[in-house]
Amino acid sequence: METTDEARNQASSVSILEKNPKVVFVLGGPGSGKGTQCTNIAKLFGYTHLSAGDLLRAESESDSENGIMIKNVMKEGKIVLSEVTVKLLQQAM
């Protein structure tokens, strides 16, 4: 029989792909209720809600090189490169 430490070590060595996490994407235009529905889904199912917009805004408030770039892109009314947004989502996960 495995000890608790052995079981914990074995579970932590399993890759994220083998754990088969559930990911839900909610898409919609500004003001369509995405945030409201995501809050409800997270509460009901125990999910974690990650908002790309919230992550971008938080990073833009930092004085990091990335934050300054994001702030400038947003100030110009342009869309931040998807690679930047994906990186922020990955870090948050």
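For the reader, a short list of remarks on this structure follows.
- With the simple spin-label model, which puts each label point 7 Å out from Cα in the Cβ direction, the S82 to A58 separation comes to 2.3 nm.
- Electrostatic dipole magnitude of region 50-93 [Cβ: Lys, Arg +1; Asp, Glu -1; Cα centre; debye, to 20]: 140
Every number here is computed from the coordinates shown, using simple stated rules; none is lab data. Everything numeric in this text was worked out from a predicted model, so none of it was measured. Every residue, glycine among them, receives a Cβ derived from its backbone with ideal geometry; neighbour counts consider all protein chains shown.
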